[in-house]
1. Quick test of your reading of the structure: residue 70 fulfils all but one of (1) polar (S, T, N, Q); (2) within 14 Å of the chain's Cα centre (by Cα); (3) within 25 Å of residue 196 (Cβ to Cβ). Name the failing condition by number.
2. Find the residue count for region 70-104, including only residues that are surrounded by fewer than 24 Cβ atoms within 10 Å (Cβ to Cβ) and of a type in the set (Ser, Thr, Tyr).
3. Do we have residue 28 as within 25 Å of residue 146 (Cβ to Cβ) and buried (at least 22 other Cβ atoms within 10 Å of the Cβ) here?
4. Of all residues in region 70-113, which are outside any helix (DSSP H, G or I), acidic (Asp, Glu) and over 20 Å from residue 16 (Cα atoms)?
5. How do the pairs read when you match residues in region 118-137 that are in contact (Cβ under 8 Å) with a residue 60 or more places away in the chain and surrounded by 16 or more Cβ atoms within 10 Å (Cβ to Cβ) with residues anywhere that are assigned to a helix (DSSP H, G or I) and not aliphatic (A, V, I, L, M), using Cβ under 6 Å and keeping only pairs 6 or more apart or on different chains?
6. Just checking: which of the strands (runs of 3 or more DSSP E) contained wholly in region 1-67 hold 3 or more residues that are out of contact with any Phe, Trp or Tyr (no Cβ under 6 Å at 6 or more places or on another chain) and among the aliphatic types (A, V, I, L, M)?
Amino acid sequence: MKENKGNIHSIETFGTVDGPGVRFVVFMQGCPMRCKYCHNPDTWNMAVNRHISVREILSQYDGVKEFLRNGGLTVSGGEPLLQIDFIIELFKGAKEKNIHTALDTSGILFDNTKKYDELIKYTDLVLLDIKHIDEEAHKKLTGHSNKSVLEFAKYLSNNNIPMWIRHVVVPNLTDKKEDLINLGKFIKTLKSVKILDVLPYHDMAKEKYKQLNIDYTLKDTKPLTKQEAIKAKEIIIKAITE
């Protein structure tokens, strides 16, 4: 039987910010969104091919599993849900080995089909990036509506799938107090959120854009300070707890 292979951008064997514990992180190639602050523009193009099978990935995992205690396998991107069939097979194989699975996604491709019911059978955690709570602002920021993102969050909540919500705060784009409050109000409606991760915008990808000959539209935007990110998180949490 022919092996299903995923289009893989890269693999990190010692990830510390992609789920609980130390993680084996598989970065998938391809993404439909063009977020203005994306720090991995080299993952956008699906035409870049590096095909690796589930068996090969799990074999690599086994080779470093002694260093991954209290951790597990995270699939990130790009947007991993572009290759949902491969992710299902990978996570299914991981669960057969009792490996904790985490999916790092924007949820932008959610369509509430049976494939998602199959996916969550083998998913222990979803790291969900909510780029912007306002639909029009989300379109300007990413090129897409946020309707499927918010529906995916509700779907995960209804199915009791643990979530870590991630939100990047970008000056003059995602830092408006009203939007932070509305994000908090939305998160309040979700019952399976375990962690809120508010991340400050940084511009460390500038050089990568230059190398790829892609215009970096935020080149004049200053990085957000850690203190400013803390203040933004406090606004969101206040809206969640009120």
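Please treat every number below as a calculation from the coordinates, not as lab data. A quick note: this is a predicted structure, and the numbers were derived from the prediction, not measured. We place every Cβ from the backbone using ideal geometry, glycine too, and count neighbours over all the protein chains shown.
1. (2)
2. Here the count works out to 1.
3. Working: within 25 Å of residue 146 (Cβ to Cβ): yes; buried (at least 22 other Cβ atoms within 10 Å of the Cβ): yes.
Yes: the conditions hold for residue 28.
4. If the condition is that a residue be outside any helix (DSSP H, G or I), acidic (Asp, Glu) and over 20 Å from residue 16 (Cα atoms), then 111 is the only one that fits.
5. Every condition considered, the pairs that remain are 131/138; 131/142.
6. On the way: elements: 5-15, 23-28, 51-53.
Because the criterion is at least 3 residues that are out of contact with any Phe, Trp or Tyr (no Cβ under 6 Å at 6 or more places or on another chain) and among the aliphatic types (A, V, I, L, M), the strands (runs of 3 or more DSSP E) in region 1-67 that meet it are 23-28.
Residue-wise test of (1) of a type in the set (Val, Ile, Thr); (2) not in a strand (DSSP E or B).
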{"site": "127", "(1), (2)": "no, no"}
{"site": "133", "(1), (2)": "yes, yes"}
{"site": "151", "(1), (2)": "no, yes"}
{"site": "157", "(1), (2)": "no, yes"}
{"site": "160", "(1), (2)": "no, yes"}
{"site": "168", "(1), (2)": "yes, no"}
{"site": "175", "(1), (2)": "no, yes"}
{"site": "182", "(1), (2)": "no, yes"}
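So that you can scan it fast, the table gives a plain yes or no per residue for (1) surrounded by 15 or more Cβ atoms within 10 Å (Cβ to Cβ); (2) among the basic types (Lys, Arg); (3) closer than 23 Å to residue 17 by Cα; (4) without any contact (Cβ under 8 Å) to a residue 24 or more places away in the chain:
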position	(1), (2), (3), (4)
190	yes, no, yes, no
200	yes, no, yes, no
206	no, yes, yes, yes
215	no, no, no, yes
220	no, no, no, yes
225	no, no, yes, no
236	yes, no, yes, no
